Amino acid sequence: MSRVGAQIRALRTAASLSGLGLAQASGVSRSMLSRIERGLVSPSVDTLERIARGLGVPVARFFADQAERMDFSLVRRGQGMPVDRLGAVAGYHYELLGHLLSGQMFVEPYLVRLEPEAPPYANFQHPGLKFIHLLSGQVQYRYGPRVMELSAGDSMLFDASALHGVEAVVVRPVSYLSIVFTLRA
């Protein structure tokens, strides 16, 4: 009982929900929720389903042993999966460095390398958030109406629904880490 309660409390806290907020979202009384979180009562399956719905997680998440979780991805150096992306720009090579679907979040990390003849391309636009970290080279990178100079070691985090991408290549070779975060529908 206490492990289930602790999981519920941890998930509620991670979701930035107060006890009252989760009680309202799940239709479980605040006092019952408090007793469940403290391990004082054993909730029914129906109550667990309502709490899970309020948190937006499967009921099984309450029983997951965090010490034994296996939702990770390990890719050794040079063993990423080459990806031919639909509509990929010529000369842009994508290497998938892992993937993770955890809860409602989908994460895709890519190593992107531009071949010497790769043209600039600043018309990417897709759902989610994107993090890029320039590993080598120097580029002018467009985000919406702004163009920023990026050098090796520079990073950006942004809403990927705006037009973005390499506006101009200043120094080659260019490679960067690109991580896309999207919510599952």
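The values are calculated or read from the model by the stated rules, or taken from the named source; none is laboratory data. Fair warning: this is a prediction, and the values are worked out from it, not measured in the lab. Glycine also receives a Cβ, built like all others from the backbone with ideal geometry; neighbour counts cover every protein chain displayed. Note: areas computed on protein heavy atoms with side chains; ligands, DNA, RNA excluded. Shrake-Rupley method; radii C 1.70, N 1.55, O 1.52, S 1.80 Å.
The residues of region 153-185 include none that are without any contact (Cβ under 8 Å) to a residue 24 or more places away in the chain and assigned to a strand (DSSP E or B). Within region 83-93, the set of residues being modelled with pLDDT of 85 or more, part of a strand (DSSP E or B) and either open to solvent by 80 Å² or more (accessible area, probe 1.4 Å) or of a type outside the set (Phe, Trp, Tyr) (or both) comprises HIS93 only. When GLU149 is tested against (1) more than 19 Å from GLY91 (Cα to Cα); (2) of a type outside the set (Gly, Ala, Ser); (3) touching a residue at least 60 places away in the same chain (Cβ under 8 Å), exactly one condition is not met: (3). Elements of the type strands (runs of 3 or more DSSP E) sitting completely within region 94-152 and holding at least 2 residues that are open to solvent by less than 50 Å² (accessible area, probe 1.4 Å), modelled with pLDDT of 95 or more and β-branched (Val, Ile, Thr): these cover 129-143. When ARG77 is tested against the conditions (1) open to solvent by less than 60 Å² (accessible area, probe 1.4 Å); (2) modelled with pLDDT of 85 or more, the lone failure is (1). Given the structure, is VAL4 surrounded by 13 or more Cβ atoms within 10 Å (Cβ to Cβ), out of contact with any helix residue (DSSP H, G or I) (no Cβ under 6 Å at 6 or more places or on another chain) and of a type in the set (Val, Ile, Thr)? The answer is no for VAL4.
Among residues of region 8-20 that are under 13 Å from ILE36 (Cα atoms), those with a beta-carbon under 9 Å from a residue that is acidic (Asp, Glu) and not in a loop (DSSP other than H, G, I, E, B) at least six positions away or on a different chain give the pairs ILE8/GLU37; ARG9/GLU37; ARG12/GLU37; GLY19/GLU37.
Suppose the filter is closer than 30 Å to ALA122 by Cβ, more than 18 Å from the chain's Cα centre (by Cα) and either at pLDDT 80 or above or surrounded by fewer than 14 Cβ atoms within 10 Å (Cβ to Cβ) (or both); does ALA67 pass it? Spell out how you get there, then give the answer.
On the way: closer than 30 Å to ALA122 by Cβ: no; more than 18 Å from the chain's Cα centre (by Cα): yes; either at pLDDT 80 or above or surrounded by fewer than 14 Cβ atoms within 10 Å (Cβ to Cβ) (or both): yes.
When the stated conditions are applied, ALA67 does not pass them.
Among the residues making up region 18-57, those that are open to solvent by less than 30 Å² (accessible area, probe 1.4 Å), under 27 Å from LEU183 (Cα atoms) and of a type in the set (Gly, Ala, Ser) are GLY19, GLY21, ALA23, SER26, ALA52, GLY54.
Can you tell which of VAL28, VAL4, VAL41, VAL57 is in contact (Cβ under 8 Å) with a residue 24 or more places away in the chain, part of a helix (DSSP H, G or I) and on the phi < 0 side of the Ramachandran plot? Only one candidate qualifies: VAL4.
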